[in-house]
Structure formats: structure tokens, C-alpha cells
1. Can you bin every Cα-Cα distance in the range 105-221 into 5 Å intervals starting at zero and give me the percent of pairs per bin, rounded to whole numbers?
2. Of all alpha-carbon pairs in the range 163-205, indicate the percentage at a distance above 15 angstrom.
3. Let's test the formula: R0 of 41 Å, r as the Cβ-Cβ distance of Glu141 and Lys28. What FRET efficiency results, to the nearest 0.05?
4. So what is the relative contact order for the range 1-129, in percent, with contacts set as C-alpha pairs under 8 Å and at least six apart?
5. Taking θ = phi - 60°, what integer Hz values does the Karplus form 6.51 cos²θ - 1.76 cosθ + 1.60 yield along the range 214-221, in sequence order, with x for Gly and Pro?
6. For the range 94-148, what is Rg from Cα atoms divided by 2.2 N^0.38 Å, rounded to two decimals?
7. How big is the charge dipole of the chain about its Cα centre, in debye rounded to the nearest 20, if each Lys and Arg gets +1 on its Cβ and each Asp and Glu gets -1 on its Cβ?
8. Roughly what angle does helix 189-199 make with the longest principal axis of the chain, taking Cα atoms, 0 to 90 degrees, to the nearest 10?
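The values are calculated or read from the model by the stated rules, or taken from the named source; none is laboratory data. Since we're looking at a predicted model, the values are computed, not measured. Ideal geometry is used to build each Cβ from the backbone, glycine not excepted, and the neighbour counts take in all protein chains shown. Please note that ligands, DNA and RNA were not included when accessible areas were found on the heavy atoms of the full protein model with its side chains. Shrake-Rupley method; radii C 1.70, N 1.55, O 1.52, S 1.80 Å.
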Amino acid sequence: MRGDMWGMLFFLLLMYIYIPFLVLKNEKSTLYFRIIVIVSNISIIFLSLFSFYLLRSLSFIGAIIYACVCILSIILNILFVITKTIKTKAIKQLFFLTPIMCSLLFGFLIEKNQLSEKIALKIEFKRYKNELDSYITNNVENKNIRAFNNYVGIIWCPGFLDTYSVIIYDKHNNLDMLYHSSADTYMDKEMYSEFQKAFRYPRIVNVIKIEDHYFRCNIHE
């Protein structure tokens, strides 16, 4: 489907939700206003918390859905609050823009701190750890295993474009320190050289320590 068709569908959905508010009056108008404000703000927070699952399951399409829901929620909140302000002729109604600003702030903090992915790791890590340990200790074949010289990992998220995620086992338990260091500052030059050889290409672009010896690494090729 072409971009202009997606834009038309987005506009029709927006109008489908907004137009009833223009014609409703009194208690029904107030109830409809509250429902839309509450549902749209909950949607942003909920999607932010589970955005990792959405992106991992649907890849680029998931990113589009996430962006569209956020944009739709923002526009609806602004339209509804401005319309209610005009209807009631009370400038204090602009206070109802506060929830959407808070939701966007929470969503930003959730994404910035990778909370969505950390929740997923809490839920699923044990299964991936067992598969990785089985390969390391018993050499059990697994198509999702990836080797980076002396480091071994298992695909955590296929990702899209040139970036994917792996859960890597590090016997030295210092992969995060190596990632945040440099050849000049890290004391063990031999170990840092080994790390550089393993991840010069492809390279690590982000690290989360899950527990001792296990790290989630975003890899860019």
C-alpha cells in the first residue's frame, strides 16, 4: 500500500474518533472526552513498556505501528483539549494537556533506559541462557549461536537493517567494562586487544549486563 493511502487511512481514523466529540453535548461530551484522553495516554505508556516485543515480532512494521499510535494519541489529545476549551470558553481546560506531556515523558524515559527490553530479558532470559549453556558445555547444535572469536552468543533479537542483538557469555565477566573502555585506559592490554579483534567488525553498539557472565549486546554489521 502506497504512503498516501496510509496517510488517508490515518486521517479517516482520526476523524472517526474526533467528529463525534464535535456533536456530543453535556455529560456525553465530557464522558467521551475523558475516555479518549485516558485510553490514548494509557496506550502510549503500554506500547512503550512493550515496544521491544512489538519491534521484535513485527520489525519495521512494528516501528510504524508504534509511531502511528503515538502520533494519533498526541493529535487527539491536542484536538480534544482545544475543542473542549472552545466549547466551555474556559482556559483552564488546557490543563488537560498535562497527561499527554507526562505520558510522552514517561515513554521517552522508558525507551532511553531500555526498560521494555529489560522486562523482556527478565521474562525470557532463562530459556536463552539454557540454550547457550548447552552449546558451551555440551556442544548442542543451535542455529542461533554466533561466535565472535573467543566469545559465544545466541541471537536475542534478529533486528532489522544492519543491527541485531545477541546474548553473549563472557567467562571474564567484564565485557561491559571493555566496551566502555579504550586501549589507552584499560589496564590489561592483552585482554582489550582480544576484545577489539572479536568486535572490530561486526562491532558492539550497546551493552546491557543481564547477570554475571551474561550480556545483551547490540551488534552492528
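1. Result returned by the calculation: 2, 10, 21, 23, 20, 13, 7, 2, 1, 0.
2. Details: 357 of 903 pairs.
It works out to 40 percent of all Cα pairs.
3. Details: r = 63 Å, r/R0 = 1.53.
Calculated transfer efficiency: 0.05.
4. Numbers: 76 pairs, mean separation 39.2, N = 129.
30 percent.
5. Each residue's phi maps through the Karplus curve to give 10, 9, 8, 10, 7, 10, 10, 9 Hz.
6. Working: Rg = 19.4 Å, N = 55, 2.2 N^0.38 = 10.1 Å.
It is 1.92.
7. Values: 24 positive and 18 negative charges, 247 e Å.
Using Cβ point charges on Lys, Arg, Asp and Glu, the chain gives about 1180 debye.
8. The angle comes out at about 60 degrees.
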